[in-house]
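K.L.:
Sharing a structure here in structure tokens format.
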Amino acid sequence: MKEAKLILGIILVAVGIWIVYSTISNPIYSVHDYDSCAAAGYPILKTYPGKCELPNGTVYIQSIPVNSFEECAAYYPVMESYPRQCNTPDGQHFVEVISTSGCESDSECTSGYFCKSGLCTEFSPDISCTQNSDCTLIDIIQRYSCCYAGQCDAIDYSNAKWKSVNKEWFMEGQQQYCPSLDACGPAPGCPTQIAYDGFVAACQSNICVKIPKAT
């Protein structure tokens, strides 16, 4: 009985030594953020913010001082919500401030608003319909896409900013709120770029919706 306890004790001590040795010899166990990852000597990706990658594929992002939504959006992914939101790797959360101040043109208003009678007004699209041809996909961030806004962007209909709206309502809004093409100046010379067109506008239950394109 004593011999069995002695053997068990030796095994437990050996396991403890092995755990301690493994932790010391393999610094991956002590890495918990970008700084500790860099200090442990793991590869630093030449990005901004910097990224440090562990052998197991875990990536830590360098923390950049952020004090506003605009600063966060400049470095980190933005959630396509309304208002838009941005999170930093260290847990800071920023929400876009929507301006409803005076304006002279649509371009002076923030995302989700357009210039109406001198005020930035919430952009609330008409999504009513009776048939598929009543609907079209628009970039909700660009609102009425006045003066070629967004024309040089790569079109990806899977992005949440592309919404299905009433086509006639949209065209009437362009005529009412957008400057004339002469006032906008020459069109940009960039070609239309379709990154992904796997969605189409359709009418379902008298509502314009975005659905996957039939294959």
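The values are calculated or read from the model by the stated rules, or taken from the named source; none is laboratory data. Being a predicted model, the structure only gives us computed values, none of them experimental. Positions of Cβ are backbone-derived with ideal geometry, glycine not excepted, and every protein chain shown enters the neighbour counts.
K.L.:
Could you list all residues from segment 140-150 that are crowded, with 17+ Cβ neighbours inside 10 Å and either out of contact with any Asp or Glu (no Cβ under 9 Å at 6 or more places or on another chain) or of a type outside the set (Gly, Ala, Ser) (or both)?
P.N.:
Passing the criteria: Ile140, Ile141, Gln142, Arg143, Tyr144, Cys146, Cys147.
K.L.:
What is the residue count in segment 55-74 for residues that are more than 29 Å from Ser124 (Cα to Cα) and either out of contact with any helix residue (DSSP H, G or I) (no Cβ under 7 Å at 6 or more places or on another chain) or part of a loop (DSSP other than H, G, I, E, B) (or both)?
P.N.:
11
K.L.:
Sticking with this structure for a sec: Out of (1) in a helix (DSSP H, G or I); (2) within 20 Å of Ser105 (Cα to Cα); (3) at pLDDT 90 or above, the odd one out for Ile138 is which?
P.N.:
Answer for Ile138: the failing condition is (1).
K.L.:
Among the residues of segment 175-201, which ones are surrounded by 14 or more Cβ atoms within 10 Å (Cβ to Cβ) and over 19 Å from the mean Cα position of the chain (by Cα)?
P.N.:
Those that are surrounded by 14 or more Cβ atoms within 10 Å (Cβ to Cβ) and over 19 Å from the mean Cα position of the chain (by Cα): Tyr177, Cys178, Val200, Ala201.
K.L.:
I would also like to ask the following. Are any residues in segment 165-200 free of Cβ contacts under 8 Å to residues at least 60 places away in the same chain and hydrophobic (A, V, I, L, M, F, W, C), and if so, which ones?
P.N.:
Val165, Trp169, Phe170, Met171, Leu181, Ala183, Cys184, Ala187, Cys190, Ile194, Ala195
K.L.:
Please enumerate the residues belonging to segment 184-215 that are touching a helix residue (DSSP H, G or I) at 6+ places or on another chain (Cβ under 8 Å) and outside any strand (DSSP E or B).
P.N.:
Within segment 184-215, Cys184, Gly185, Ala187, Pro188 qualify.
K.L.:
Please tell me if Asp35 is modelled with pLDDT of 75 or more, among the charged types (D, E, K, R) and not in a loop (DSSP other than H, G, I, E, B).
P.N.:
It is true that Asp35 is modelled with pLDDT of 75 or more, among the charged types (D, E, K, R) and not in a loop (DSSP other than H, G, I, E, B).
K.L.:
Here's something else I'd like to know. Just one of (1) closer than 13 Å to Lys210 by Cβ; (2) loosely packed, with under 14 Cβ neighbours inside 10 Å trips up Ser164, so point out which.
P.N.:
Unmet for Ser164, out of (1) closer than 13 Å to Lys210 by Cβ; (2) loosely packed, with under 14 Cβ neighbours inside 10 Å: (2).
K.L.:
A further question follows. Which of (1) free of Cβ contacts under 8 Å to residues at least 60 places away in the same chain; (2) on the phi < 0 side of the Ramachandran plot; (3) not basic (Lys, Arg) does Cys147 not meet, given it meets every other one?
P.N.:
Every listed condition holds for Cys147 apart from (2).
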